[in-house]
1. Within segment 246-269, how many residues are in a strand (DSSP E or B) and either crowded, with 18+ Cβ neighbours inside 10 Å or charged (D, E, K, R) (or both)?
2. Go through the residues of segment 47-63 one by one and say whether even a single one is at positive phi, over 17 Å from the mean Cα position of the chain (by Cα) and outside any strand (DSSP E or B).
3. Against the conditions (1) assigned to a strand (DSSP E or B); (2) surrounded by fewer than 18 Cβ atoms within 10 Å (Cβ to Cβ), where does Pro116 fall short? Just the number, please.
4. Consider Pro312 against the criteria (1) more than 24 Å from Pro196 (Cβ to Cβ); (2) not hydrophobic (A, V, I, L, M, F, W, C); (3) not in a strand (DSSP E or B): it satisfies all of them except one. Which criterion is unmet?
5. Among the residues of segment 128-161, which ones are polar (S, T, N, Q) and in a loop (DSSP other than H, G, I, E, B)?
6. Which residues, taken from segment 195-209, are surrounded by 18 or more Cβ atoms within 10 Å (Cβ to Cβ) and in a helix (DSSP H, G or I)?
7. Can you find, within segment 232-245, the residue that is nearest to the chain's Cα centre (by Cα) among those that are assigned to a loop (DSSP other than H, G, I, E, B), among the charged types (D, E, K, R) and modelled with pLDDT of 95 or more?
8. Among the candidates Ala347, Ala340, which residue alone is among the aliphatic types (A, V, I, L, M), closer than 20 Å to Asp55 by Cβ and surrounded by fewer than 24 Cβ atoms within 10 Å (Cβ to Cβ)?
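The values are calculated or read from the model by the stated rules, or taken from the named source; none is laboratory data. It should be emphasised that the depicted structure is a prediction, and the values quoted were computed from it without experimental measurement. When we count neighbours, we look across all protein chains shown, and the Cβ atoms used for this are built from the backbone with ideal geometry, even at glycine.
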Amino acid sequence: MRHWLGAIALTACGSTSQTPALAPVSSPAAPASAPVYATSKLALPGGDADGVGMDYLLYNPRTNSVWVPAGNSGAVDVVDVASGKLTRVEGFPVREMERRGKKRVVGPSSATLGAPGTVYVGNRADSSVCAVDEVRLAKQSCGTLDSMPDGIAFVSSTQEVWVTTPRDKSIRILDAATLVQKAKLDFEGEPEGFAPAPSRGLFYTNLEDKDVTLAIDVASHKTVATWKSGCGEQGPHGLRLDDADGLLLVACSTRVEAMDIAHDGAIRGSVDTGDGVDDFDFSPTAHAIYVGAARAGRLVIASLDAHGALAPLATVPTAEGARNGVVTADGRVYLAHGKASELIVIATPYK
């Protein structure tokens, strides 16, 4: 989740509903004994010449929906998995920013499940975090930070929203009810990725520019463990937790690793994915990870055993730039394909 600097304009919008068609895409031929991975595309409204800016997606199992913070469109697109209907939650500010001489419009970029009834949305345009009613799909109260939010995560044990703010090397902790900032945690690197572990009283994140993964005590706010990720110069990105087996899954740019959190972050297994990995998803029910490699243009599915061994199950062609997939209860994977203003949807047999 790289960050855009500078600012020129700020605007906001209202709320509508649309149901774009799912366009079928032919899947590569496979042996009769092999699973078939049917692939389709879901067009997103509101894009510009650069497409629709997307970063973190969210699957909400309570409503069986995929939430797509659609940056430059000023909306969060919510897709009903069963019907394919797309509803837009609008009214989020957008802002034009410049980086390395190129202008880009940013807006809502991340979402996380809160307590039942609530989804939280982070917005890079105005550095806000807003609550959204997950049933009525209505924007509610917001809190504003003094630094641009990247990833956001709800910590149920403390009823807080933790927000990574890598531009100033910090994490902000907000009260979940009021979205007022309670604390700021400072680090010597840029926090990237998140995995709350309420049952353990811990919050995991990476310092991307230091190539390390941290365990933070949610009560004392102290860093209680620092583990070398081994991802190299580009550092670690997304994180997922297999709480039952005590494994922390860490995404490097070209692979995913399994860390043993009970044994000083020892790497128990890894799987190569191809280049361009940022965020990814993990299903504890299927014991599988789903990794979109944007530069390689493929989705890699791998099994995870209780000891941390990762074994590839399938590699499915997608498109260059397709990334940050989330998996639904029925085994469908939704990947952000921003430059084409679409989601790529892949049906898998791993439910």
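1. Of segment 246-269, the ones in a strand (DSSP E or B) are 247-251, 255-260, 266-269.
This time we only want the ones that are either crowded, with 18+ Cβ neighbours inside 10 Å or charged (D, E, K, R) (or both), so: 247-251, 255-260, 268-269.
Residues that pass the stated criteria total 13.
2. To start, the set of residues in segment 47-63 that are at positive phi comprises 51.
Pick out the ones that are also over 17 Å from the mean Cα position of the chain (by Cα) and you get 51.
Retained after the next criterion (residues that are outside any strand (DSSP E or B)): none.
Within segment 47-63, none of the residues are at positive phi, over 17 Å from the mean Cα position of the chain (by Cα) and outside any strand (DSSP E or B).
3. The one condition Pro116 does not meet is (1).
4. Condition not satisfied by Pro312: (3).
5. Of segment 128-161, the ones polar (S, T, N, Q) are 128, 140-141, 144, 147, 156-159.
Hits for segment 128-161 are Ser147, Ser156, Ser157, Thr158, Gln159.
6. Quick first cut of segment 195-209, residues surrounded by 18 or more Cβ atoms within 10 Å (Cβ to Cβ) only: 195-197, 202-208.
If the condition is that a residue be surrounded by 18 or more Cβ atoms within 10 Å (Cβ to Cβ) and in a helix (DSSP H, G or I), then Glu208 is the only one that fits.
7. Let us first name the residues in segment 232-245 that are assigned to a loop (DSSP other than H, G, I, E, B), namely 232-238, 243-245.
Keeping just the survivors that are among the charged types (D, E, K, R) gives 233, 243, 245.
Those still in the list that are modelled with pLDDT of 95 or more too: 243, 245.
Numbers: Asp243: 18, Asp245: 22 Å.
By that ranking, first place goes to Asp243.
8. On the way: Ala347 fails: closer than 20 Å to Asp55 by Cβ.
Answer to the check: Ala340.
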